[in-house]
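Bear in mind that the values in this text are calculations on the coordinates, not laboratory data. No experiment lies behind these values; they were computed from the predicted model shown. Don't worry about glycine lacking a Cβ; one is built from the backbone with ideal geometry, like all the others, and counts go over all protein chains shown.
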């Protein structure tokens, strides 16, 4: 039996033919570690699941039904991956019943991706699942082309956005209660002021990298992901368990070299983070950067947990003048160092604690960005609580499990 990482490597599945008379199968997840894990992210490919009684199935843990999502990643009309979350206890097996069903099961949405576009710039926005940014689009040009200036993505606990212009910054919408809301932001009252029914934009980004925007370090100089030949957006999947979308850029010129970059962003239900997976071409082992805004001059902290290096800030740094924690989780094989843009030579990035990234053995750059706001969870007033949450997420992402189907 092969022991694997739940997120970065596909799971190895051993399939037996011992299904019970009802054609139900048993999915066994074995936690070989010493830690309990809450909401472990599980991704199984179609090939790994193998042939089943039906195209779709439900998952049952005892009498509890676990939301499961079937994702068609390549648009061919067949699902490619099935995803779900499950709690694990240390050094033990968790058994889930796979119950065949005729159609894809439906559950309450807990994640969402949204881009509202107003082609006539008349404040009437319609959702688009694919979009190409106009070459002449200028930042903050009024009336807005994009609702709140670009795509938004969210779990039930937090939301993020990116500026779909040459700034390419990332921002945070804090939530006051669990819900999905990014399709409504920016349609009426200012999202820069607290609305107790949902929350607000809690972050000032300025010339920083905000909440995980991208740059490159080349010839000892930082270059922001800025002007590009083209920029496009595409929703890959969204649903009750996770949402995934791509941001693609071509013709990014850095010190005389043109790069093409694809950032695949995913967010999961019940998480306060998003994952960024970046492909770069050409890729000669170039150093990418991401970071955490430091406009409020809150000190940075560094630690580690599981297979991750952690950079975070915590303090009174939200636009509501209360406590906000922000953290970067970087896999060890992507990690180079943590630094500060203000102590480095930079073209147009300031006020940022940086994380320098190298490509992993698969040629990808990966990191997770985490946000914790005290109005969403009062425990985040305490820095120890926020650090513990960061470490718990790193443990979850690092957890080695084995999976079999019987």
Principal axis box of segment 166-211, alpha-carbon based, largest edge first, Å:
30, 19, 17
Estimate the FRET efficiency between residue 74 and residue 196 by the formula 1/(1 + (r/R0)^6), using the beta-carbon distance for r and 60 Å for R0, to the nearest 0.05.
0.90
Residue of 103, 346, 337 that the Gaussian network model of the chain assigns the largest fluctuation, springs spanning Cα pairs under 10 Å:
103
Helix-only [θ]222 nm of the chain, DSSP H runs n ≥ 4, -39500 (n - 2.57) each, per residue, nearest 500
-1500 deg cm²/dmol
Hull volume per residue for segment 128-237, using the convex hull of the C-alpha atoms, in Å³ is 123 Å³
Picking from 384, 165, 201, which is most flexible by a Gaussian network model of the chain using Cα springs under 10 Å?
384
Quick one: length gained pulling residue 26 to residue 118 fully straight, 0.36 nm per residue minus the C-alpha distance?
28.3 nm
In units of 2.2 N^0.38 Å, what is the alpha-carbon radius of gyration of segment 213-329?
1.22
Enter the per residue convex hull volume of segment 20-156, computed from alpha-carbon coordinates, in Å³ rounded to the nearest integer.
174 Å³
Which three extents, in whole angstrom, do the alpha-carbon atoms of segment 43-114 cover along their principal axes, largest first?
38, 32, 22
So the pair-distance distribution of segment 111-375, from every Cα-Cα distance in 10 Å bins, comes to percents of 7, 32, 40, 19, 2
Between 234, 391, 99, which gets the highest mean-square fluctuation from a Gaussian network model of the chain, Cα cutoff 10 Å?
99
Quick one: helix 383-398 against the long Cα principal axis of the chain, what's the angle to the nearest 10°, folded into 0 to 90?
50 degrees
If you split all Cα-Cα distances of segment 84-172 into 10 Å bins from zero, what percentages do you get per bin, shortest first?
13, 33, 21, 16, 12, 4
Work out how much length residue 136 to residue 230 would gain on full extension: take 0.36 nm times their residue separation and subtract the Cα-Cα distance, in nm to one decimal.
32.8 nm
Between the modelled labels at residue 218 and residue 61 (7 Å from Cα along Cα→Cβ) the distance in nm is 4.6 nm
If the convex hull is drawn through the Cα atoms of segment 260-406, its volume per residue in Å³
143 Å³
